[in-house]
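Written out below as C-alpha coordinates is the structure these notes cover.
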Amino acid sequence: MPLPIAVLISGSGSNLQAIIDRIESGAIEAKIVLVASSAPGAFGLTRAAGRGIPTRTIAPEHFCSRDEYDQALLDAVTAAGARAIVLAGFMRILGPRFVRAFPQRILNIHPALLPSFAGTHGARDAAAYGVKISGCTVHFVDEEMDHGPVVVQAAVPALDADTAETLAARVLALEHRIYPQAVAWLAAGRLCVNGRKVTLAGADTPLAAVEPGAAYLVNPPLEQGF
Ligand code: GAR
(Lines give C-alpha, C1' and ligand atoms only; values in the text may rest on other atoms or scores of the structure.)
Protein backbone atom coordinates (compact mmCIF):
# COMPACT_ATOMS: atom_id res chain seq x y z
CA MET A 1 0.00 0.00 0.00
CA PRO A 2 1.72 3.24 -1.12
CA LEU A 3 2.22 5.85 1.61
CA PRO A 4 -0.03 8.88 0.96
CA ILE A 5 2.15 12.01 1.18
CA ALA A 6 1.60 15.73 0.82
CA VAL A 7 4.44 17.81 -0.62
CA LEU A 8 4.72 21.44 0.46
CA ILE A 9 6.57 23.81 -1.86
CA SER A 10 7.19 27.50 -2.42
CA GLY A 11 9.01 27.61 -5.73
CA SER A 12 10.44 25.73 -8.67
CA GLY A 13 9.72 22.27 -7.32
CA SER A 14 12.73 20.52 -8.81
CA ASN A 15 12.94 18.30 -5.72
CA LEU A 16 9.22 17.60 -6.08
CA GLN A 17 9.92 16.59 -9.68
CA ALA A 18 12.70 14.23 -8.60
CA ILE A 19 10.30 12.58 -6.14
CA ILE A 20 7.50 12.32 -8.72
CA ASP A 21 9.94 10.70 -11.16
CA ARG A 22 11.07 8.09 -8.62
CA ILE A 23 7.47 7.32 -7.63
CA GLU A 24 6.61 6.81 -11.29
CA SER A 25 9.65 4.55 -11.78
CA GLY A 26 8.49 2.44 -8.84
CA ALA A 27 11.52 3.26 -6.65
CA ILE A 28 9.36 4.97 -4.01
CA GLU A 29 6.22 3.29 -2.71
CA ALA A 30 4.25 6.46 -2.13
CA LYS A 31 1.42 8.43 -3.68
CA ILE A 32 1.40 12.23 -3.66
CA VAL A 33 -2.13 13.13 -2.61
CA LEU A 34 -1.56 16.89 -2.54
CA VAL A 35 1.00 19.49 -3.55
CA ALA A 36 0.43 22.69 -1.57
CA SER A 37 2.31 25.89 -2.28
CA SER A 38 2.78 28.88 -0.01
CA ALA A 39 3.34 31.02 -3.11
CA PRO A 40 0.78 31.57 -5.87
CA GLY A 41 2.13 30.71 -9.30
CA ALA A 42 4.99 28.51 -8.03
CA PHE A 43 6.29 26.42 -10.93
CA GLY A 44 6.05 23.30 -8.79
CA LEU A 45 2.25 23.61 -9.01
CA THR A 46 2.48 23.36 -12.79
CA ARG A 47 4.73 20.31 -12.53
CA ALA A 48 2.22 18.61 -10.20
CA ALA A 49 -0.85 19.50 -12.22
CA GLY A 50 0.90 18.13 -15.32
CA ARG A 51 1.07 14.75 -13.59
CA GLY A 52 -2.54 14.86 -12.44
CA ILE A 53 -1.66 15.57 -8.80
CA PRO A 54 -4.15 17.74 -6.84
CA THR A 55 -2.75 21.18 -5.99
CA ARG A 56 -3.60 23.98 -3.60
CA THR A 57 -2.15 27.40 -2.94
CA ILE A 58 -2.31 28.31 0.72
CA ALA A 59 -0.60 31.67 1.10
CA PRO A 60 0.30 32.93 4.59
CA GLU A 61 -0.66 36.49 3.73
CA HIS A 62 -4.30 35.38 3.55
CA PHE A 63 -4.34 34.52 7.25
CA CYS A 64 -4.32 36.71 10.34
CA SER A 65 -1.88 34.61 12.31
CA ARG A 66 0.66 31.87 11.88
CA ASP A 67 -1.58 29.58 13.89
CA GLU A 68 -4.50 30.09 11.48
CA TYR A 69 -2.17 29.44 8.56
CA ASP A 70 -0.96 26.25 10.19
CA GLN A 71 -4.53 25.14 10.76
CA ALA A 72 -5.45 25.75 7.12
CA LEU A 73 -2.45 23.74 5.96
CA LEU A 74 -3.29 20.99 8.41
CA ASP A 75 -6.91 20.90 7.23
CA ALA A 76 -5.77 20.64 3.60
CA VAL A 77 -3.28 17.80 4.08
CA THR A 78 -5.63 15.93 6.40
CA ALA A 79 -8.54 16.23 3.97
CA ALA A 80 -6.26 14.89 1.23
CA GLY A 81 -5.52 11.84 3.37
CA ALA A 82 -1.78 12.49 3.76
CA ARG A 83 0.01 10.36 6.33
CA ALA A 84 3.40 12.01 5.89
CA ILE A 85 4.63 15.43 4.79
CA VAL A 86 7.55 16.26 2.51
CA LEU A 87 8.86 19.83 2.52
CA ALA A 88 10.51 20.51 -0.82
CA GLY A 89 11.73 24.09 -0.96
CA PHE A 90 8.95 25.17 1.40
CA MET A 91 10.16 28.53 2.67
CA ARG A 92 7.88 28.86 5.70
CA ILE A 93 8.36 27.66 9.24
CA LEU A 94 5.73 25.17 10.33
CA GLY A 95 4.26 25.95 13.75
CA PRO A 96 3.78 23.53 16.64
CA ARG A 97 0.16 22.83 15.70
CA PHE A 98 1.22 21.33 12.38
CA VAL A 99 4.43 19.68 13.56
CA ARG A 100 2.70 17.94 16.48
CA ALA A 101 0.09 16.49 14.12
CA PHE A 102 2.78 14.52 12.24
CA PRO A 103 5.39 13.41 14.76
CA GLN A 104 8.45 12.04 12.92
CA ARG A 105 6.42 12.10 9.73
CA ILE A 106 7.68 15.38 8.24
CA LEU A 107 10.85 15.49 6.15
CA ASN A 108 12.74 18.58 5.00
CA ILE A 109 15.70 19.09 2.70
CA HIS A 110 18.23 21.80 3.41
CA PRO A 111 20.96 22.91 0.96
CA ALA A 112 23.84 22.80 3.48
CA LEU A 113 25.41 20.43 5.96
CA LEU A 114 23.35 21.10 9.08
CA PRO A 115 23.82 22.36 11.71
CA SER A 116 25.96 24.73 9.63
CA PHE A 117 24.17 27.40 7.62
CA ALA A 118 20.62 26.87 8.78
CA GLY A 119 18.07 29.37 7.50
CA THR A 120 16.69 30.62 4.25
CA HIS A 121 19.94 30.91 2.27
CA GLY A 122 21.93 27.84 3.30
CA ALA A 123 23.70 27.28 -0.03
CA ARG A 124 24.55 30.94 -0.53
CA ASP A 125 25.71 31.39 3.05
CA ALA A 126 28.02 28.36 2.82
CA ALA A 127 29.57 29.72 -0.40
CA ALA A 128 30.04 33.18 1.11
CA TYR A 129 31.73 31.65 4.17
CA GLY A 130 34.31 30.04 1.91
CA VAL A 131 33.75 26.43 2.95
CA LYS A 132 35.73 23.74 1.11
CA ILE A 133 33.02 21.14 1.45
CA SER A 134 29.30 21.81 1.33
CA GLY A 135 26.33 19.59 0.78
CA CYS A 136 22.75 18.90 1.72
CA THR A 137 20.81 17.39 4.58
CA VAL A 138 17.50 15.57 4.81
CA HIS A 139 16.10 15.72 8.33
CA PHE A 140 12.91 15.18 10.26
CA VAL A 141 11.16 18.41 11.14
CA ASP A 142 10.72 19.36 14.76
CA GLU A 143 9.58 22.62 16.33
CA GLU A 144 12.91 24.39 15.78
CA MET A 145 14.06 25.60 12.38
CA ASP A 146 16.36 23.22 10.43
CA HIS A 147 16.92 21.26 13.61
CA GLY A 148 15.27 17.81 13.68
CA PRO A 149 17.07 14.44 13.54
CA VAL A 150 19.26 13.93 10.46
CA VAL A 151 18.26 11.19 8.00
CA VAL A 152 20.95 11.50 5.32
CA GLN A 153 23.65 13.97 4.35
CA ALA A 154 25.67 14.29 1.17
CA ALA A 155 28.86 16.29 0.70
CA VAL A 156 30.21 18.03 -2.37
CA PRO A 157 33.47 19.91 -2.88
CA ALA A 158 33.41 23.70 -3.14
CA LEU A 159 35.90 24.61 -5.86
CA ASP A 160 37.98 27.79 -6.14
CA ALA A 161 36.19 28.66 -9.36
CA ASP A 162 32.73 28.25 -7.82
CA THR A 163 30.28 31.07 -7.47
CA ALA A 164 27.36 30.81 -5.06
CA GLU A 165 25.25 29.74 -8.06
CA THR A 166 27.55 26.98 -9.33
CA LEU A 167 27.99 25.57 -5.82
CA ALA A 168 24.23 25.68 -5.22
CA ALA A 169 23.67 23.87 -8.53
CA ARG A 170 26.13 21.12 -7.55
CA VAL A 171 24.35 20.74 -4.21
CA LEU A 172 20.91 20.76 -5.87
CA ALA A 173 21.87 17.91 -8.21
CA LEU A 174 22.68 15.84 -5.14
CA GLU A 175 19.46 16.92 -3.40
CA HIS A 176 17.61 15.34 -6.30
CA ARG A 177 19.22 12.01 -5.42
CA ILE A 178 19.17 11.95 -1.63
CA TYR A 179 15.67 13.34 -1.14
CA PRO A 180 13.84 10.69 -3.18
CA GLN A 181 15.96 8.07 -1.40
CA ALA A 182 14.95 9.44 2.02
CA VAL A 183 11.28 9.50 1.02
CA ALA A 184 11.60 5.90 -0.16
CA TRP A 185 13.05 4.90 3.21
CA LEU A 186 10.24 6.71 5.02
CA ALA A 187 7.59 5.09 2.83
CA ALA A 188 9.12 1.68 3.44
CA GLY A 189 8.98 2.28 7.21
CA ARG A 190 12.75 1.89 7.49
CA LEU A 191 13.63 5.10 9.36
CA CYS A 192 14.02 4.45 13.08
CA VAL A 193 14.28 7.55 15.27
CA ASN A 194 15.83 7.36 18.70
CA GLY A 195 16.32 10.85 20.14
CA ARG A 196 18.48 12.69 17.61
CA LYS A 197 19.73 9.48 16.03
CA VAL A 198 18.09 8.11 12.90
CA THR A 199 19.04 4.63 11.81
CA LEU A 200 18.08 2.72 8.71
CA ALA A 201 16.42 -0.62 9.37
CA GLY A 202 17.87 -3.48 7.40
CA ALA A 203 21.11 -1.67 6.54
CA ASP A 204 24.53 -2.78 7.63
CA THR A 205 26.84 -0.23 6.09
CA PRO A 206 30.49 -1.25 5.93
CA LEU A 207 32.86 1.70 6.38
CA ALA A 208 34.31 1.08 2.91
CA ALA A 209 30.91 1.90 1.40
CA VAL A 210 31.00 5.48 2.66
CA GLU A 211 34.72 6.23 2.32
CA PRO A 212 35.19 9.09 -0.11
CA GLY A 213 36.95 7.47 -3.01
CA ALA A 214 35.10 9.79 -5.35
CA ALA A 215 34.35 13.46 -5.01
CA TYR A 216 31.05 12.89 -3.27
CA LEU A 217 30.30 11.33 0.07
CA VAL A 218 26.79 10.19 0.90
CA ASN A 219 25.83 8.57 4.18
CA PRO A 220 23.91 6.29 4.40
CA PRO A 221 24.89 5.22 0.87
CA LEU A 222 22.19 5.40 -1.76
CA GLU A 223 20.63 2.22 -3.02
CA GLN A 224 20.25 1.14 -6.63
CA GLY A 225 17.93 3.47 -8.58
CA PHE A 226 18.78 6.69 -6.71
C1 GAR B 1 16.35 23.56 -2.58
O2 GAR B 1 17.72 23.86 -2.75
C3 GAR B 1 16.06 23.28 -1.12
O4 GAR B 1 17.11 22.60 -0.47
C5 GAR B 1 15.93 24.66 -0.57
O6 GAR B 1 15.21 25.36 -1.54
C7 GAR B 1 15.50 24.81 -2.83
C8 GAR B 1 14.19 24.47 -3.49
O9 GAR B 1 14.38 24.08 -4.80
N10 GAR B 1 15.24 24.66 0.68
C11 GAR B 1 15.55 25.50 1.67
O12 GAR B 1 16.41 26.35 1.59
C13 GAR B 1 14.72 25.32 2.93
N14 GAR B 1 15.30 26.07 4.00
P15 GAR B 1 13.22 23.34 -5.59
O16 GAR B 1 11.95 24.17 -5.41
O17 GAR B 1 13.68 23.38 -7.02
O18 GAR B 1 13.07 21.95 -5.06
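The values are calculated or read from the model by the stated rules, or taken from the named source; none is laboratory data. Computed from a prediction, not measured in an experiment: that's the story for all the values here. Cβ placement follows ideal geometry from the backbone for every residue including glycine, while neighbour counts extend to all protein chains displayed. The accessibility values were calculated without ligands, DNA or RNA, using every heavy atom of the protein model including side chains. Shrake-Rupley method; radii C 1.70, N 1.55, O 1.52, S 1.80 Å.
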Segment Ser12-His62, extension gain: residue separation times 0.36 nm, minus the distance between their alpha carbons: 15.9 nm
With a 1.4 Å probe and every protein chain left in place, tell me how much accessible area Ile5 has, in Å² to the nearest 10. 0
Below 8 Å between Cα atoms, with a sequence gap of 6+, how large is the relative contact order for the range 116-226 in percent? 26
Simple spin-label estimate for Thr46 and Lys31 in nanometres, 7 Å along Cα-Cβ: 2.8
Percent antiparallel among DSSP beta bridges (both partners in the chain, rounded to 5): 50
Which of the peptides 76-83, 11-18, 138-145, 158-165 is most tightly packed, and how do the rest follow, judged by the mean count of other Cβ atoms within 10 Å per residue? 11-18, 138-145, 76-83, 158-165
Write down the accessible area per residue of the chain in Å², having rolled a 1.4 Å probe over the full set of protein chains. 48
Please go through the range 84-165 and write out the trypsin sites (Lys or Arg not before Pro) that DSSP classes as loop and that have at most 12 other C-beta atoms within 10 Å. Lys132
Hey, can you grab everything whose amide H is under 5 Å from the amide H of His147? Only 5+ residues off in sequence or another chain; H modelled, so Pro and N-termini drop out. Asp142
Mind giving me the nanometre distance, one decimal, between the label points for Ala118 and Glu24, set 7 Å out from Cα along Cα→Cβ? 3.6
Per its Cα gyration tensor (rounded if a/c is under 1.5, else prolate when a/b beats b/c, else oblate), the range 143-192 is best filed as prolate
The ratio Rg/Rh over the Cα atoms of the chain, Rh being the Kirkwood inverse mean 1/r radius, stands at 0.95
Within the range 37-116, what whole-number % of the accessible surface is contributed by carbon and sulfur, with the 1.4 Å probe and all protein chains included in the calculation? 53
